[in-house]
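For reference, the structure is listed below as structure tokens.
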Amino acid sequence: MRRTTLHRTSAAAVAAAALLLAGCGSQDGGGGTGSGSVSPSPAQSSTHAQPQSPSPSQSPSPSGSCTSRTQLDAGDNGRTVCLTKGQTLRLTLDGTKERPWKPVTADGGALKAADPGFVIQPGDAVAAFQAIAPGTAHLTSSRPLCASRSGQMSCKGIQGWTVTVEVR
């Protein structure tokens with residue numbers, strides 16, 4: 001009887017392929033420096049943002065439902081932020097050339113686009129909004145879940161990013 005064995009190089013190749021395929025679904029919200037969780041698209045029913053403890057630039061609101069922040073990034077997906085009229089909110093979503101963020105959009109009349117400054121890296125989305133009226137706005141963006149490279153197959157998943165802004 002002939003015995004077949006899996007060579008070490010073949011086992012390593014299989015393991016690497018499995019990790020590569022699994023890695024596509026475990027991209028983080030930032031440019032590779034986050035927690036490793038996938039954020040659902042705005043069309044999905046829930047978000048998986050982990051609560052964070054307040055830092056000096058973020059303080060809980062009196063109602064406890066939102067935080068007062070003026071600088072956001074990809075890790076703020078799913079967060080609710082409170083601003084007062086006249087405050088400016090800035091955000092940077094770190095992307096890559098292969099996984100670029102779409103420009104951030106705001107709905108409603110509570111925010112007005114402001115000068116965000118320069119985009120340093122291809123794939124980043126940089127935006128700024130000024131709170132102009134009481135109300136609620138939703139900031140949204142998205143990017144491909146998997147990198148797309150010319151001549152190679154890619155998944156069709158979309159990573160969504162959304163933040164609710166309450167202007168008081």
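The values are calculated or read from the model by the stated rules, or taken from the named source; none is laboratory data. The shown structure was predicted, so the numbers you read here are calculated from the model rather than taken from an experiment. In this analysis, Cβ positions are derived from the backbone assuming ideal geometry, glycine residues included, and neighbour counts consider all displayed protein chains. Just the protein is used for accessible areas: all its heavy atoms, side chains included, with ligands, DNA and RNA removed. Shrake-Rupley method; radii C 1.70, N 1.55, O 1.52, S 1.80 Å.
Quick notes on this structure:
- Selection within segment 65-100 - not in a loop (DSSP other than H, G, I, E, B) and not hydroxyl-bearing (S, T, Y): Q71, L72, A74, G75, D76, V81, C82, L83, L89, R90, L91, L93
- Condition met for T164 (in a strand (DSSP E or B), touching a residue at least 40 places away in the same chain (Cβ under 8 Å) and among the polar types (S, T, N, Q)): yes
- Hits in segment 69-86 - residues which are without any contact (Cβ under 8 Å) to a residue 60 or more places away in the chain and either out of contact with any Gly (no Cβ under 7 Å at 6 or more places or on another chain) or under 20 Å from A131 (Cα atoms) (or both): R69, T70, Q71, D73, G86
- Residue ID - modelled with the lowest pLDDT, chosen from residues in segment 143-168 that are farther than 22 Å from D94 by Cα and surrounded by 13 or more Cβ atoms within 10 Å (Cβ to Cβ): R168
- Number of the condition not met by P103 [criteria: (1) open to solvent by 70 Å² or more (accessible area, probe 1.4 Å); (2) in a loop (DSSP other than H, G, I, E, B); (3) farther than 14 Å from S141 by Cα]: (3)
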